[in-house]
Amino acid sequence: MTENIAIITAHDGKNISTSTWELYAFAKKLKVHTTADICFFLVGEDTRKLAEEINSRTGCPAIAADVPNTGNYHGEIYKKTLAHLLAEHSNDYILAPHSISGMDYAPALSIILNGSCITGVEDIKAEGDVLYFVRAMFNGKLQADMQSQGVSNSSPLILTLQPGAFKPLQPNKKLSPKIIHGRFDFSEDRMRYQGKLPSPSQGSNLAKAEVIVSGGRGIEEQENYQFIEMLATIFPRAATGASRPICDYGWAPYKKQVGATGTIVSPKLYIACGISGSTQHLQGIRDSRFIVVINKDPTAPIFQVADVCIVEDLIKFIPILVEESQKRKTPKGN
Amino acid sequence: MKLLVCIKQVMESGSEIIIDDSRHGLTYSNVTRFEINKYDEYAIEEAILIKEKFGNVHIDAITVGPSRSGDALRRALGIGADEAIHILDETKGYRPPITTASWIAEVAKDRNYDLILTGIMSDDEMNGQTGPMIAQILNRPCAGTIIKEEISSDGKTITIEREIEGGAKDVFQIDLPCVLAVQTGINSPRYPSLSKVMRAKKKTFDLILAESLKKPGQQPKLHALGFPQKMSHGIVLEGSPQEKAVQLLDILVSKSLA
Ligand SMILES: Cc1cc2nc3c(=O)[nH]c(=O)nc-3n(C[C@H](O)[C@H](O)[C@H](O)COP(=O)(O)OP(=O)(O)OC[C@H]3O[C@@H](n4cnc5c(N)ncnc54)[C@H](O)[C@@H]3O)c2cc1C
């Protein structure tokens, strides 16, 4: 029997999520170094259509389970179902997104399946027969090459993939679907879903803003958020944003939070001031057309996504920038 | 009610990062300062809020690490934990989360905690595995990215809000005992109080040698640490702040952005 590279499919019940196609791209790269075949696993309330889509588009087998009460991620049911499905197949590698749910079930699965777990993977490197999984530490300031010895179907390696690390690969073959579909009831009474509460970012003006000036922990004090507001005034219509800690400290309301758990923005211009560039923040600004970074640390990871890099103390630099801008607006000779 | 808070000592944020010759760890100097992992500070605070609300609550703080990480425990006591457990591990090099989680689970197993709190991840290694692994080893329900919790008056269940992508929250009621991994913003961590710090100074830790605990079989290894290759495609502005300001404005005008 050939072994699998198992992909845990992320979806919202109706559509396959982009992160699944990122996992597929990652799996293809991994496959080059192994003899294993790619296979998709799906858990949801009604998975048949999604499984057919995956299977017909990729040609890879899809193993799908309909399980009640999984419309919203439910850790207990998810872990039980996946453990059951995965144990019925022979997997060397199990790939999941490094999403909030992936972060919850992947480490647990590695224990249930007697495997090992590497989270937040961004790349694979091969040296001879040995594979290294590259992941970030210290908010992207360090990179670690991780390795797992003795990967086998009796001790699989569970990996979570950092969103955005791989370009999604979305094939469009039109094969007639062959899927394995089953129904399970892993109703779990230790944990009961009670409902959903809206995001404080709902309706935030950031999602549509064309220019956004954001401040991070580099502002150091609440009153220094005025520098962010000051910089925003040089543009005719600019919104102000913030990194998560600024909102956690109560220095700006949560509706201003940009990032994975805030608003995903796509302005023409994003100016990041005193923000280090954590993956969660970067996930929110990836679609910005032009990024300017003001940070006093030249090694801050946010510079890696910047179009213009300015290594300066924002508290000194922003007033100078605003003054220069005003000089241009005032006609000469006055 | 008995609570366990798992904390990790990490290098102070903004510290210079120096990779050691083995490329398996970092070099610390006598100016290197350490602090409690930011996410764990929220976990400690949440435990103290539970204690303040219910009264009859005992809080243990636990850490795995070398002797210097005792400072993190002392700080946790200074903030309001009742007792500290130090799993002393002086071995150099990388300790994967499965090892940390196995050891904590082994120590926690017979101590009957109603609730185990961890941070959602550590600032340094960012694995985010310790909480979910402890829960799985102890076969307890688990939830992460917790930004609100409320224990029922009978002490049997806890209602939590779990933040998901985009900032919405899923609400669950979970049976105790369980494990929760706490997200920032759940509360405002307090500073240590002088009286508690004085008391903490005199306190002895429950010291457990890592060698006396079982090492898990399967564990990932750290092959090498490195600095990421600079991939920036951006222009780095040079000159005085004024010159940089002028250059930036010129670029923005040329791109019709200002
Ligand atoms: C599940 C999860 C979800 C998350 N979701 C989000 C999210 O949606 N959005 C988000 O932002 N974060 C999110 N985070 C938090 C994230 O991991 C980081 O902790 C956070 O983004 C860091 O914010 P920061 O860059 O402002 O702070 P830091 O990382 O502390 O960076 C501060 C930066 O300011 C610079 N600086 C300091 N002083 C100055 C100065 N005077 N002038 C110029 N520069 C200066 C420093 O060099 C540093 O680079 C999430 C984390 C988790 C675990």
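Could you check, for region A:100-122, whether at least one of its residues is more than 10 Å from chain B (Cβ to nearest Cβ), touching a residue at least 60 places away in the same chain (Cβ under 8 Å) and either farther than 28 Å from residue B:23 by Cα or out of contact with any helix residue (DSSP H, G or I) (no Cβ under 7 Å at 6 or more places or on another chain) (or both)? Yes, region A:100-122 contains a residue that is more than 10 Å from chain B (Cβ to nearest Cβ), touching a residue at least 60 places away in the same chain (Cβ under 8 Å) and either farther than 28 Å from residue B:23 by Cα or out of contact with any helix residue (DSSP H, G or I) (no Cβ under 7 Å at 6 or more places or on another chain) (or both). Scan region A:232-270 for residues that are more than 12 Å from the ligand (Cβ to nearest atom) and among the aliphatic types (A, V, I, L, M) and the total you get is 5. Restricting A:211, A:121 to those that are among the β-branched types (Val, Ile, Thr), crowded, with 19+ Cβ neighbours inside 10 Å and within 22 Å of the chain's Cα centre (by Cα) reduces the list to A:121. For region A:193-240, a residue qualifies if it is within 11 Å of chain B (Cβ to nearest Cβ), at pLDDT below 95 and over 22 Å from residue A:302 (Cβ atoms), and the qualifying residues are A:200, A:202, A:236.
Residues are listed down the side, and each one gets a yes or a no for (1) touching a Gly at 6+ places or on another chain (Cβ under 9 Å); (2) polar (S, T, N, Q):
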position	(1), (2)
A:167	no, no
A:170	no, yes
A:185	no, no
A:195	no, no
A:209	yes, no
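Collect the residues in region A:185-224 that are charged (D, E, K, R) and either farther than 30 Å from residue A:319 by Cα or within 12 Å of the ligand (Cβ to nearest atom) (or both), keeping them in residue-number order. Of everything in region A:185-224, those that are charged (D, E, K, R) and either farther than 30 Å from residue A:319 by Cα or within 12 Å of the ligand (Cβ to nearest atom) (or both) turn out to be A:185, A:188, A:189, A:190, A:192, A:196, A:217, A:220, A:221. Among the residues of region A:124-149, the ones that are among the β-branched types (Val, Ile, Thr) and surrounded by fewer than 20 Cβ atoms within 10 Å (Cβ to Cβ) come to 2 in all.
Of the conditions (1) more than 8 Å from every other protein chain (Cβ to nearest Cβ); (2) within 12 Å of the ligand (Cβ to nearest atom); (3) surrounded by 22 or more Cβ atoms within 10 Å (Cβ to Cβ), residue A:310 fails just one. Which one is it? Among (1) more than 8 Å from every other protein chain (Cβ to nearest Cβ); (2) within 12 Å of the ligand (Cβ to nearest atom); (3) surrounded by 22 or more Cβ atoms within 10 Å (Cβ to Cβ), residue A:310 violates only (1).
What strands (runs of 3 or more DSSP E) completely inside region B:122-176 contain at least 2 residues that are in contact with a helix residue (DSSP H, G or I) (Cβ under 6 Å, 6 or more places away or on another chain) and more than 7 Å from chain A (Cβ to nearest Cβ)?
The strands (runs of 3 or more DSSP E) meeting that bar number zero.
Residues that are within 13 Å of chain A (Cβ to nearest Cβ) and away from the ligand (no atom under 16 Å from the Cβ) within region B:7-21 comprise B:18, B:19, B:20, listed in sequence order.
Of the residues making up region A:132-148, not a single one is touching a residue at least 40 places away in the same chain (Cβ under 8 Å), more than 27 Å from residue B:145 (Cβ to Cβ) and not in a strand (DSSP E or B). Of all residue pairs spaced 6 or more apart or on separate chains, those with beta-carbon atoms under 9 Å, a first member in region B:166-184 that is over 25 Å from residue B:139 (Cα atoms) and a second member that is at pLDDT below 95 are B:166/A:201; B:166/A:202; B:167/A:200; B:167/A:201; B:167/A:202; B:168/A:201; B:168/A:202. There is no residue in region B:42-62 that is within 16 Å of the ligand (Cβ to nearest atom), surrounded by 15 or more Cβ atoms within 10 Å (Cβ to Cβ), β-branched (Val, Ile, Thr) and under 16 Å from the mean Cα position of the chain (by Cα). Counting only helices (runs of 4 or more DSSP H) that sit wholly inside region A:228-334, those with at least 1 residues that are in contact (Cβ under 8 Å) with a residue 60 or more places away in the chain and more than 20 Å from residue B:238 (Cβ to Cβ) are A:279-285, A:314-329.
Contact map, region A:11-38: residues that are more than 13 Å from residue A:124 (Cβ to Cβ) and in the same structural domain as residue A:54 (by TED's automatic domain parsing) paired with residues that are aromatic (Phe, Trp, Tyr) and modelled with pLDDT of 95 or more, Cβ distance under 7 Å, separation 6+ or inter-chain. Pairs shown: A:22/A:166; A:36/A:93. Anything in region B:86-115 that is in a strand (DSSP E or B) and buried (at least 21 other Cβ atoms within 10 Å of the Cβ)? List them, or say none. Within region B:86-115, B:86, B:87, B:115 qualify. Screening residue A:278 on (1) among the hydroxyl-bearing types (Ser, Thr, Tyr); (2) within 8 Å of the ligand (Cβ to nearest atom); (3) farther than 25 Å from residue B:248 by Cα shows it passes everything except condition (3). Applying the criterion of being surrounded by 10 or more Cβ atoms within 10 Å (Cβ to Cβ) and assigned to a loop (DSSP other than H, G, I, E, B) to the residues of region B:215-229, the residue that is modelled with the lowest pLDDT is B:218. Would you confirm, using the coordinates I've provided, whether residue B:90 is more than 30 Å from residue A:121 (Cα to Cα) and either in contact (Cβ under 8 Å) with a residue 12 or more places away in the chain or not aliphatic (A, V, I, L, M) (or both)? In short, no. What about residue B:180, is it within 14 Å of chain A (Cβ to nearest Cβ) and over 22 Å from residue B:9 (Cβ atoms)? No; evaluated as a whole, the condition is false for this residue.
Just one of A:239, A:207 is in contact with a Lys or Arg (Cβ under 9 Å, 6 or more places away or on another chain) and over 29 Å from residue B:180 (Cα atoms); which is it?
Selected residue: A:239, the only one of A:239, A:207 that is in contact with a Lys or Arg (Cβ under 9 Å, 6 or more places away or on another chain) and over 29 Å from residue B:180 (Cα atoms).
Taking region B:63-82 as the range and being buried (at least 21 other Cβ atoms within 10 Å of the Cβ) and either within 16 Å of the ligand (Cβ to nearest atom) or not small (Gly, Ala, Ser) (or both) as the test, the residues that pass are B:63, B:64, B:73, B:75, B:77, B:79. Among the residues of region A:290-303, which ones are within 9 Å of chain B (Cβ to nearest Cβ) and either charged (D, E, K, R) or away from the ligand (no atom under 12 Å from the Cβ) (or both)? Within region A:290-303, A:290, A:291, A:292, A:297 meet the criteria.
The values are calculated or read from the model by the stated rules, or taken from the named source; none is laboratory data. The structure presented is a predicted model; accordingly, all values stated were derived computationally and were not measured. No Cβ is skipped: glycine too gets one built from the backbone with ideal geometry, and neighbour counts run over all protein chains shown.
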